[in-house]
Amino acid sequence: MEHINKQRKPKSKRLRKKLYVGEYSILGFSLKCNLALKNKIQFDVFIDDFLALAASQKLMVGGGGDAEYFEVFITSSKRYGSPSIGDIEVIKSWLLKNKDVSNLSLGQLVDANYSF
């Protein structure tokens, strides 16, 4: 039982970096919304515009949807980066200005590697 009570040795900087933990954690957030688009062409335009916005903020987007529903996870495109509150506000503002978006839901920043 003595070995159970011993504290674990702290991870080295190299290992923390390799495992994306501690100061090397990568955060991201989920985004869900309903869309009122009429067809696939309108959805393609919406996606192209959304991805251009994300790229301008140095963000990566994973997920998808269709003309009625859109669900993605967003994180930074920088190796050890995370979206800032400002990045989230830009995305939120852009979506709220779009008349075809409703029921917008933005998740909290979570660890992109270990929270699923």
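The value obtained for the range 26-110, namely the Cα convex hull volume divided by the number of residues, is 75 Å³ per residue. Just the projected area, averaged over all directions, of the convex hull on the alpha carbon atoms of the range 47-88: how many nm²? Its average projected convex-hull area is 3.1 nm². Estimated from the Cβ-Cβ distance and a Förster radius of 30 angstrom, the FRET efficiency linking Tyr80 and Ala52 is about 0.80. Taking a straight line from the alpha carbon of Lys99, these lysines sit under 28 Å away, with near neighbours fewer than eight places off in the same chain left out: Lys32, Lys38, Lys40, Lys58.
Just so you know, all these numbers are worked out from the coordinates, no wet-lab data involved. These figures come from a predicted structure and were not determined experimentally. Positions of Cβ are backbone-derived with ideal geometry, glycine not excepted, and every protein chain shown enters the neighbour counts.
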